[in-house]
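In what follows, a single structure is set out as structure tokens and then discussed.
The values are calculated or read from the model by the stated rules, or taken from the named source; none is laboratory data. Please read these numbers as outputs of a predicted model, since none were measured by experiment. FYI the Cβ positions are ideal-geometry reconstructions off the backbone, even for glycines, and counts take in every protein chain you see.
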Amino acid sequence: MIKISPSILSADFARLGEEIAAVERAGADAIHIDVMDGHFVPNLTLGPPVIASLAKVATKPLDVHVMASPIDHVIPDYIKAGATYLTIHAEATHHADRALHLIREMGAKAGISINPGTPVAMIEDLLHLTDLVLIMSVNPGFGGQSFIPRALDKIRMVRQMIDSRGYQVELQVDGGIKPDNIHEAAQAGADFFVAGSAVFSQPDYQTVIAELKKNGEIGRAARR
Ligand code: DX5
Ligand code: ZN
């Protein structure tokens with residue numbers, strides 16, 4: 001099944017709890033929370049205290065994408081705050097193996113992400129420790145950017161790595177996903193889609209989430 005994780009980066013930050021409830025009613029499968037530190041990426045958003053508040057109102061899994069470096073020493077804070085998935089960047093730690101072990105030991109799902117300029121080889125020896133791989137299809141930092149087509153090749157390569165080893169790893173893509181391009185990413189092998197501006201720019205979240213899922217399923221069906 002295709003899963004949609006609306007990114008609250010494009011939501012109204014003055015009404016985050018209401019926005020989460022609205023996308024949950026509209027069919028969201030998870031809530032994507034972008035943590036930015038003003039250092040690893042040129043933007044600053046929120047951290048564990050806000051996530052802890054959002055965890056009290058959300059009923060769907062919290063899909064926490066941390067764009068911060070250093071990261072290792074604060075991993076426990078995000079998990080205690082309520083992250084269901086904790087995705088860190090391979091570029092943000094010298095010890096991704098240890099960090100992913102820690103995330104799992106603390107009871108969260110371990111995600112690893114790579115930027116558009118990072119080769120997929122960087123995560124090849126981490127797949128056995130991950131529950132989710134996140135391929136960035138924009139340079140992280142901002143919502144509303146255009147999808148970088150090279151991400152499709154990277155999705156294909158990671159899908160092949162996962163399937164050839166028989167792992168159960170979710171393959172997520174984040175950045176520039178819209179109803180008119182989601183099928184390509186699904187056909188390439190992604191099954192979990194982040195969508196920020198595509199959802200929150202619309203007056204009717206239910207319609208756009210349904211359209212994303214429908215077009216994603218079309219792409220997935222065309223995979224084989
Ligand atoms: C970008 C973030 C994304 C962002 C996606 O740094 O990681 O999650 O919110 O926004 P859209 O879907 O508008 O590209
Ligand atoms: Zn994100």
| query | Filtering the stretch 7-35 down to residues that are among the acidic types (Asp, Glu) and part of a helix (DSSP H, G or I), which residue is farthest from ILE51 (Cα to Cα)? | reply | GLU24
| message | Can you go through GLU24, GLU18 and tell me which one is away from ligand 1 (no atom under 13 Å from the Cβ) and surrounded by fewer than 18 Cβ atoms within 10 Å (Cβ to Cβ)? | response | GLU18
| message | Here is a check on your reading of the model: is ASP174 near ligand 1 (Cβ under 9 Å from one of its atoms), acidic (Asp, Glu), closer than 20 Å to ILE88 by Cα and modelled with pLDDT of 95 or more? | response | yes
| said: All but one of (1) away from ligand 1 (no atom under 14 Å from the Cβ); (2) crowded, with 16+ Cβ neighbours inside 10 Å; (3) within 26 Å of ILE4 (Cβ to Cβ) hold for LEU102; state the number of the condition that does not hold. | reply: (3)
| field | Elements of type strands (runs of 3 or more DSSP E) contained in the stretch 109-222, each with 3 or more residues being closer than 18 Å to SER7 by Cβ, among the aliphatic types (A, V, I, L, M) and within 16 Å of ligand 2 (Cβ to nearest atom) | value | 132-136
| field | Cβ-Cβ under 7 Å pairs, at least 6 apart or on other chains, the stretch 190-214 side free of Cβ contacts under 8 Å to residues at least 60 places away in the same chain and closer than 20 Å to MET136 by Cα, far side assigned to a helix (DSSP H, G or I) and away from ligand 2 (no atom under 16 Å from the Cβ) | value | ALA198/VAL208
| All positions within the stretch 1-35 that are in contact with a strand residue (DSSP E or B) (Cβ under 6 Å, 6 or more places away or on another chain) and small (Gly, Ala, Ser) | SER5, SER7, ALA28, ALA30
